[in-house]
1. Check which residues have an amide H placed less than 5 Å from A:LEU104's amide H, if you skip close sequence neighbours.
2. Is any residue of region A:111-139 close enough, with backbone N under 12 Å, to a label point placed 7 angstrom from the Cα of A:ARG91 along the Cα-Cβ axis, and if so, which?
3. Quick one: putting +1 on the C-beta of Lys and Arg, -1 on the C-beta of Asp and Glu, what dipole do you get for chain B around its Cα centre, in Debye to the nearest 20?
4. With angles folded into 0 to 90 degrees, how steeply does helix B:82-94 sit against the dominant principal axis of chain B? Use alpha carbons for both and round to 10.
5. Where Lys and Arg each count +1 and Asp and Glu each count -1, what net charge lies around B:GLU3 among other residues with Cβ under 15 Å from its Cβ?
6. When only C-alpha pairs under 8 Å and at least 6 residues apart count, what is the relative contact order of chain B, in percent?
7. Two decimals is fine: what's Rg over Rh for the protein assembly as shown, C-alpha atoms, Kirkwood radius as Rh?
8. What size of dipole, in debye to the nearest 20, comes out for the protein assembly as shown about its Cα centre when the only charges are +1 on Lys and Arg C-beta atoms and -1 on Asp and Glu C-beta atoms?
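Quick note: the coordinates plus some simple rules give every number you see, no bench work behind them. This structure is a prediction, so every number in the text was calculated from the model and none was measured. Here the Cβ is made from the backbone with ideal geometry for all residues, glycine too, and neighbour counts use every protein chain on show.
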2 protein chains.
Amino acid sequence: MTESVRLDPVDLEILRLLQNDARTTYRDLAAAVGLAPSTCLDRVTRLRRSGLILGHELRLDPAKLGRSVEALLLVQVRPHRRDLIDPFVERVRALPESRSLFHLTGPDDYLVHVAVTGTADLQRLVLDEFTSRKEVARVETRLIFQHWSCGPLLPPQEPGPGPAG
Amino acid sequence: MTESVRLDPVDLEILRLLQNDARTTYRDLAAAVGLAPSTCLDRVTRLRRSGLILGHELRLDPAKLGRSVEALLLVQVRPHRRDLIDPFVERVRALPESRSLFHLTGPDDYLVHVAVTGTADLQRLVLDEFTSRKEVARVETRLIFQHWSCGPLLPPQEPGPGPAG
DNA sequence: GATGAAATTACGCCTAA
DNA sequence: TTAGGCGTAATTTCATC
């Protein structure tokens, strides 16, 4: 399940292109990597079957949906036991404001990325959905000024395994 | 640019379906919402032109790429001036370990989501790419136990605008 | 690679408000 | 008059051989 997938330079280039635009056609992939479209399809199908490609997702602009304020909530859930945290996780995931949820080490147990209509809506969310719960010991709210995605995710740079076999 | 887009119930259902699987065909969308495939194409094209749909992205499993440890880094950049933070942002975005970057309010200026091969790699990243920089005043590292995506992003529930015009 | 099947896309017409 | 929906046909993409 956590096994690494073997990838050659062509696979890496395909992954790079698809991370840049997941709708790149096999025809365009083929032109870029110098193979036939059908071969590119085979490659992508293999990457999909291997579990490396988990799926395709739509990237939306929350502001265009009327959710122009985004924030991160750092949440302590105490006591930190399964019978409390499992329902907490499911409740948070089901909130229409939630975008993403992390379970973390450190003083804060969870980090929740939320998108709301404004600061009043954020206050309501924090008070009514978090601090009002008795298992929520503390919430720290941080507004998001800006959010960037980063370059494509690729395997770590091999430092060169050396010539000996 | 930050204007909200007008959406009817059919648009919302299409957005919901596409967020569930961005590769849903127009034929399947059409069957689900009770319209013709060409009409669904028109709808999606409109959503795309409006800027609400920003793009399609590939969701990968970092562990399958050999990056089986993920962490969040809370970073203070001081002094917090454009001539220091702009290059910082670009450098962080270009790191092969970076997945996502936030500029925040609060005691920590930035939050960086990274994927590394292991804890040794994480230590190297923190020491060589962050704390070694003189503009980086502090880094706090939190391991990610688990990461969930949440339900589809939709407009806020209208509380009902009332019957009066 | 090639080929049939399927999906995508653009366009013109039609209906209803 | 205009916005939205439909159907069709040309093109492109998919999946199997």
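1. Amide H neighbours of A:LEU104, under 5 Å, 5+ apart: A:TYR110, A:LEU111, B:PHE145.
2. A:127-137
3. 220 debye
4. Roughly 80 degrees, rounded to the nearest 10.
5. Net of charged neighbours comes to +4.
6. Dividing the mean separation by the residue count of chain B yields 24 percent.
7. 0.98
8. For the protein assembly as shown, the charge dipole is close to 140 debye.
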